[in-house]
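The values are calculated or read from the model by the stated rules, or taken from the named source; none is laboratory data. Nothing here was measured: the structure is a model prediction, and the numbers come from that model. Positions of Cβ are generated from backbone atoms using ideal geometry, with glycine treated the same way; all protein chains shown enter the neighbour counts. Note: areas computed on protein heavy atoms with side chains; ligands, DNA, RNA excluded. Shrake-Rupley method; radii C 1.70, N 1.55, O 1.52, S 1.80 Å.
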Amino acid sequence: MEEVYEVEPQLLCEMKHNGDVLDLQFLDVERMVTASSTGSVTVYRHHQNNQTLSISQRWERAHYHSCDSAPCTGIVCNSPEIVTVGEDGRINFFRVDHKEVIRTLDNADSSTLHAVTFLRTTEILTVNSNGQLKIWDSRQQGNEPSQIFSVTGDRVPLYCVDKHPNQQHIVATGGQDGMLCIWDVRNRKMPVSLLNAHEAEMWEVHFHPSNPDHLFSCSEDGTLWHWDASVSTAEIPTFLHQGGRNTTLLSRTTFGQTSVNQSVSSAWLTMDTSKGRLEITNLLPSYTMSVNSLDVLEQCLVCGTDGEAIYVTKKNACLRTYCNITAGTCSAQN
C-alpha cells in the first residue's frame, strides 16, 4: 500500500457511457454500478485478465417523467442489492441477478431525491430538494417513509447523506447552503447540530469508515474539508494536515489506528466548538474549482473536480494531482 500512490495511475480500460455519470458505486471487486443523466442504471464488469470493461446489466429508463427520461441522481449498493433514486422522486430496488426491477416506489417523493444510503439491511436513507431526510423500511408495504426529519425554517435542498459506520443512529447531511447537519435518528426530528461550513453547495459528505470521529466534505466553492471531532490528545499529527482553515486549532490525534474511538457518539452529538471539540482543515489549494465527489479509505483520500482533475492525498504524503479526466467515460485505473 505504501508504494501504490507513489506513481501516477495508469489507464487500464475505458468504455463509453451513455449520458453523464451522476453517481458511481462498486458492487464488488469486479463490478461497478453507474447512475446516468438519461435515467438508466448500468452494471459494468472489469475483466482483469485482459483489462476490458463490459456491460453485464442495464436498466433503461429506470427513472423517467411522463414525457421524458429523468436523471438517476444517486445509487447505493449492498451486493446483490442496488437501490437508486432520481429527479422523478422514484425509488427503485434492483438485484444484480434479476433483469426486472424488484420493487419501485413510484410516488416516494414529490421533489427530487438527491442521494441515498443504507441505514440498516432493510432500511435506507434519502435526502430531497425540500430539505428532508427520510427513512424507508423495505419490509413495509406502501410508498410512505417510516420517519421524516427536516430542518426548521427555509426548505433548503439536501444533496448528500452518510451514516456513522458503527453507530447507525448518527447521520450527516449537506446541501445547498453548505451547512453540515448532524442528526440523531433515534428520537429527534431536527438536526442535533447545524454547523456553518462551505460557502456554496456541499456535494458530498463521508465519515471515515474505520475512524468515524473524522468526517470529510466537498463543495462547489472548491474546498475539501476535514472535520475532526476527536477528543484524543495523542501526540500524533491529525490526518492529511495540509494547512488551511483553522489549522492553528487542529487537535493532535491518532488517525491510522484500527480501533474505533469509543466516545465518538458523544463527540458528534455533544460538540462544543468553543472548547476545541471540532476542528476543520481545508485539504486543497485555494484555487481549486468545484469539488464534486470524494472517497476515503484508511489513510488515503481521493476527490474529483470540475477542472477534470483527481486529487489524491494520504497521511504523511504530499498532495498529488492527476489531470485530463474524460467526461462521459467509465474507466478503470490502477
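Protection proxy ranking for 81-92, 278-289, using the average of other Cβ atoms within 10 Å per residue and placing the highest first: 81-92, 278-289.
Ligands, DNA and RNA aside, Thr52 has an accessible area near 50 Å² when probed at 1.4 Å. Using a probe of 1.4 Å on the protein chains alone, the accessible area found for Ser150 is around 50 Å².
Dividing the Cα radius of gyration of the stretch 73-157 by 2.2 N^0.38 Å, with N the residue count, gives 1.05. Rounded to the nearest 10 square angstrom, Lys134 shows an accessible area of 20 square angstrom against a 1.4 Å probe. Amide H contacts of Leu133: Phe149, Ser150, each under 5 Å away and 5 or more positions distant or on a separate chain (H built 1.01 Å from N in the peptide plane; Pro and chain starts excluded). Normalised by 2.2 N^0.38 Å, with N the number of residues, the alpha-carbon radius of gyration of the stretch 1-158 equals 1.13. For the listed residue pairs Lys99/Lys134; Lys189/Lys314; Lys16/Lys99, the alpha carbons are over 32 angstrom apart in Lys189/Lys314.
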